[in-house]
């Protein structure tokens, strides 16, 4: 009986002395960033959706018709600056199609509206939508 009481007391003491456990990095904020010098559009869907302003937006979409198939990215940053790019490249379209509501996207473009490089990321530290 003494061993049982000692084990219970030790367990309670350990619980009382422990601190809160956190499971990894969370809450990273990635608003829309438009860099017209480097021709970059970037942002996290969750961060944009949960932003305190009413201006930011991040939109991806697809158009398909007789003889054409393309994807586009449109974004507005917090100041109202807009940037966009379009791609007919099937590999880039597949990357854009992989986006989820919690994804981060970064697109490089040629300055004339054509996407040249797409990065899509879904990670545990990104804000959920």
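The values are calculated or read from the model by the stated rules, or taken from the named source; none is laboratory data. What you see is a predicted model; the values in this text were computed from it and never measured. Glycine also receives a Cβ, built like all others from the backbone with ideal geometry; neighbour counts cover every protein chain displayed.
Among (1) at pLDDT below 95; (2) surrounded by 12 or more Cβ atoms within 10 Å (Cβ to Cβ), there is one condition residue 27 misses while meeting the rest; what is its number? In the conditions (1) at pLDDT below 95; (2) surrounded by 12 or more Cβ atoms within 10 Å (Cβ to Cβ), residue 27 misses (2) alone.
May I ask you to list the residues in the stretch 79-97 that are closer than 26 Å to residue 53 by Cβ and buried (at least 19 other Cβ atoms within 10 Å of the Cβ)? Passing the criteria: 83, 85, 96.
For the stretch 97-112, taking the residues that are touching a strand residue (DSSP E or B) at 6+ places or on another chain (Cβ under 6 Å) and at pLDDT 95 or above, the one that is farthest from residue 39 (Cα to Cα) is identified as 105.
Selection over the stretch 98-112 of residues that are surrounded by fewer than 15 Cβ atoms within 10 Å (Cβ to Cβ) and within 18 Å of residue 57 (Cα to Cα) gives a count of 2.
Residue by residue, here is whether (1) more than 25 Å from residue 29 (Cα to Cα); (2) in contact with a helix residue (DSSP H, G or I) (Cβ under 7 Å, 6 or more places away or on another chain) holds:
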site	(1), (2)
57	no, yes
67	yes, no
75	no, no
78	no, no
98	no, no
106	no, no
110	yes, no
121	no, no
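Can you name every residue in the stretch 31-60 that is exposed (fewer than 13 other Cβ atoms within 10 Å of the Cβ) and either assigned to a helix (DSSP H, G or I) or within 13 Å of the chain's Cα centre (by Cα) (or both)? Result: 59, single match.
Restricted to the stretch 91-115, and to residues there that are in a strand (DSSP E or B) and without any contact (Cβ under 8 Å) to a residue 60 or more places away in the chain, the residue that is nearest to residue 43 (Cα to Cα) is 115. Note on the stretch 61-90: among residues that are in contact (Cβ under 8 Å) with a residue 24 or more places away in the chain, in a loop (DSSP other than H, G, I, E, B) and touching a strand residue (DSSP E or B) at 6+ places or on another chain (Cβ under 8 Å), the one that is nearest to residue 125 (Cα to Cα) is 77.
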